[in-house]
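Notes to accompany the following structure.
The values are calculated or read from the model by the stated rules, or taken from the named source; none is laboratory data. Computed from a prediction, not measured in an experiment: that's the story for all the values here. Cβ: placed from backbone, ideal geometry, glycine included. Neighbour counts: every protein chain shown. For accessibility, only protein heavy atoms count, side chains too; no ligands or nucleic acids. Shrake-Rupley method; radii C 1.70, N 1.55, O 1.52, S 1.80 Å.
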Amino acid sequence: MIDGFMLIVPGDPQPKQRPKVYRGVGVTPKRTKDAQQAILRMFTTKYPDSPPISGEVAIRLEFWMASRHIKDWDNLEKLVTDALNKTAFLDDSQITRSVVDKYLPDQRMPGKHGMRKRKTGDPLTHNGDPYQPHTLIYIEERHHS
């Protein structure tokens with residue numbers, strides 16, 4: 001029995017967008033639906049026969065961003081937890097511990113004559129270490145001693 005899950009979702013992390021309201025009805029934007037479906041598809045492919053966690057849940061999320069554009073961490077987290085609701089865990093109300101890290105690319109990088117401002121097309125680095133944009137998801141059942 002698996003008591004935890006780990007998933008790497010490639011690509012620039014997407015925040016959950018607010019529903020658009022048409023004639024009094026909230027409609028989830030397509031970009032949000034697509035991002036949630038991609039996470040769900042990757043999860044069910046990697047863990048096809050795993051039942052959802054039924055006890056308390058701890059989640060750790062790492063968002064490795066493609067740019068320094070403003071994306072609120074709580075909206076990034078909400079997209080992931082909503083995508084995995086009823087699949088990795090029965091309901092997101094089971095989450096009793098959440099750790100979220102958002103990594104932004106360095107603003108400066110080594111150049112010919114010392115440090116220079118990062119330009120479009122430069123490789124992404126964080127504290128000098130190269131990376132590709134992605135989301136790292138760890139979910140486990142909490143066991144209390």
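Worth pointing out:
- Interchain or long-range residues, amide H under 5 Å from Arg142's placed H: Glu56, Val57, Ala58
- Over region 65-145, all Cα pairs binned in 5 Å intervals from 0 give whole-percent P(r) values of 3, 11, 20, 17, 13, 12, 9, 7, 4, 3, 1, 0, listed from short to long.
- Computed about its Cα centre, the charge dipole of region 50-137 is approximately 720 debye, with only Lys, Arg, Asp and Glu carrying charge at their Cβ.
- Subtracting the Cα-Cα distance of Asn75 and Ser54 from 0.36 nm times their residue separation leaves 5.1 nm of extension gain.
- Rough spin-label spacing in nm, given labels placed 7 Å along Cα→Cβ, for Lys46 and Val27: 3.3
- Charge-dipole axis of the chain as Lys and Arg at +1 and Asp and Glu at -1 on Cβ define it, positive-most pick from Thr32, Met65, Gly111: Gly111
- Accessible surface of region 1-50 [probe 1.4 Å, protein heavy atoms]: carbon and sulfur percent: 56
- Region 124-145-region 37-89 distance, computed between alpha-carbon centres (Å): 12
- Antiparallel %, DSSP beta bridges [both residues in region 11-145], to 5: 65
- Distance (nanometres) between label positions extended 7 Å along Cα→Cβ at Tyr131 and Ser98: 1.9
- Of His134, His69, His126, the residue with the greatest mean-square motion in the GNM of the chain, using alpha carbon springs below 10 Å, is His69.
- Remark on Ile53: its backbone amide H falls under 5 Å from those of Phe89, Leu90, a criterion applied only to residues 5 or more positions apart or on other chains, H modelled at 1.01 Å from N.
- Taken over region 62-106, the alpha-carbon convex hull comes to 72 cubic angstrom per residue.
- Per residue, the accessible area of region 1-86 comes to 61 Å², computed with a 1.4 Å probe over protein heavy atoms only.
- Judged by the mean number of other Cβ atoms found within 10 Å, the most tightly packed of the peptides 24-33, 74-83 leads the ranking 74-83, 24-33.
- In Å, descending, principal axis extents of the Cα set of the chain: 56, 50, 27
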